[in-house]
Amino acid sequence: MDKLVIEGGSPLSGTIRIHGAKNAALPILAASLLAEGVHSLHNVPKLLDIETMLNILGRLGCRAVHEGETVTMDTSTLSTSHVPEDLMRQMRSSIFLMGPLLSRFGEVTIYQPGGCAIGERKIDLHLQGLKLLGAEIEESNGRISCRAARLTGSDIHLDYPSVGATENIMMAAATAEGTTTISGAAREPEIQDLQNFLNAMGAQIIGAGTDTITIRGVTKLHPCTYEVIPDRIVAGTVMIAAAATRGSVTLTHTNAGHLTSLIHVLRRAGVQITVCNDIINVSCMGRPRAVERIVTSPYPSFPTDLQSQVMVLLSLADGFSVIKETVFEGRFKHVEEMARMGADISTDLNRAFIRGVQRLYGATVEATDLRAGAALVIAGLAAHGTTVVEQAHHIDRGYDGIELLFQKLGARISRKVPVPGPFDLAN
Ligand code: EPZ
């Protein structure tokens, strides 16, 4: 497995372009199945998760080409609504395929995506929503079969503003008979991007970005050309890295409106931030201040996907900070690794108590999941000495060449790819 080797301790500086949003592109790729024909999707980043989704769509019969940051997807050859179990296990976001395949074929078979490093990742809200739209669902031995001769609009309330459940229901309801309302909906920018994509295909959806979304079912959708929004989590990761290394960085192709909660926290920590259109400037000349309390929760509150990264900044701050994680139950796995670098952090069930230290020291650490891995890269950039981040493939799921991104900002970071030994070659 790949490793990242980082010679830390020097401030980041320079300008970086932020790539398209993984968590917008994945549901949009799934939604493209709702219309037969050729879609052109721009600003789609080259990430492991995107490659996996394109492989799954290929196994279902679609033809997709990913050139540069444009995906050309022909869904007219889609031939099956059975998502193979091995592919479901590769990426839990395959769950997004339920709504579109059920709508397109009247049936879909998937497998329980299962949990992952950060938590149980239940899908009960997805299934409840599809049942209210008229789907008959059978579950046995992890296999989930859904059938619906015709999906019909319904009033659906989500007990928790699940991003994936909101998206799955939107996609299934887009061509249902009648009108569907989703109350208690997730409000993330990626939900708004999905609404805009579906409406570009001819859907009639309003309300994304608020907690109530209304979908008036239409009989047919058509393929379209669309540009995916910038990745707010990649942008936030770079902003935090700039602050943690006491650097000065300019980010382009961003949407600061999607990052208000992070910008508020960074300013409280004494980081200078200016915004002009799609450009964000971040600089931090001195030691950051502690931030008394950060609570992760659904948008527009502080995003769980930036929790591990901001913890690295606070581990170097002057003072004592507390982070409460309310979205996923397993999102503190980076804490143990950071302790090996000299961080002073203790945790209880869902809170981290961070006492800032003057500096972190390079060490060999392991990425356990996507955002924990990104946090360890930031720690390595800020630390004195050499840091090796193992299992770097986790990071490649959500960052397009993270080492190249930070090299452009002056970091001394490189990727080590294991050379197969004689025994490997023999296998
Ligand atoms: C999306 O996951 C993102 N992934 C996650 O980003 C992100 O952390 C999460 O939203 C929260 O913002 C994609 O968009 C591909 P949820 P999703 O459904 O849809 C519980 C990253 O690092 N829940 O809002 O799976 C669930 O257990 C990834 O890019 C149910 O109980 O998130 C969790 O505790 C990580 N029942 C909470 O809701 C359900 O049916 C949030 O889940 C669904 C969810």
Report, to the nearest 10°, how far helix 232-244 tilts away from the longest principal axis of the Cα atoms in the chain, using its own Cα long axis and a range of 0 to 90°. 0
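Taking the Cβ of Ser145 as the centre, find all other residues whose Cβ is under 15 Å away and add up their charges (Lys, Arg: +1; Asp, Glu: -1).
It works out to a net charge of -2.
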To the nearest 10 degrees, how steeply does helix 22-31 sit against the main Cα axis of the chain, on a 0 to 90 scale? 10
What does the net charge come to around Ile395 if you take all other residues with beta carbon closer than 14 Å to its beta carbon, with K and R at +1 and D and E at -1? -3
Let me check I have the definition right: for region 22-227, take the eigenvalues of the Cα gyration tensor, multiply each by 5, take square roots. What are those semi-axes in whole Å, largest first? 22, 20, 17
Rg/Rg_ref, region 222-298, where Rg_ref = 2.2 N^0.38 Å and atoms are Cα: 1.23
Tell me the relative contact order for region 22-227 as a rounded percent, counting alpha carbon contacts under 8 Å between residues six or more apart. 20
At q = 0.06, 0.11, 0.13, 0.14 1/Å the base-10 log of I(q)/I(0) from the Debye formula over the alpha-carbon atoms of the chain is -0.25, -0.83, -1.12, -1.25
Can you check what the net charge comes to around Glu167, using other residues whose Cβ is under 13 Å from the Cβ of Glu167 (Lys, Arg +1; Asp, Glu -1)? -2
So what's the back-of-envelope 222 nm ellipticity for the chain, counting only DSSP H runs of four-plus at -39500 (n - 2.57) apiece and dividing by all residues, rounded to 500? -8500 deg cm²/dmol
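Each value in this text was obtained by applying a stated rule to the coordinates, not by laboratory testing. Not measured: the values here are computed from a predicted model. Reconstructed Cβ throughout: ideal geometry from the backbone, glycine too, with neighbour counts over all protein chains shown.
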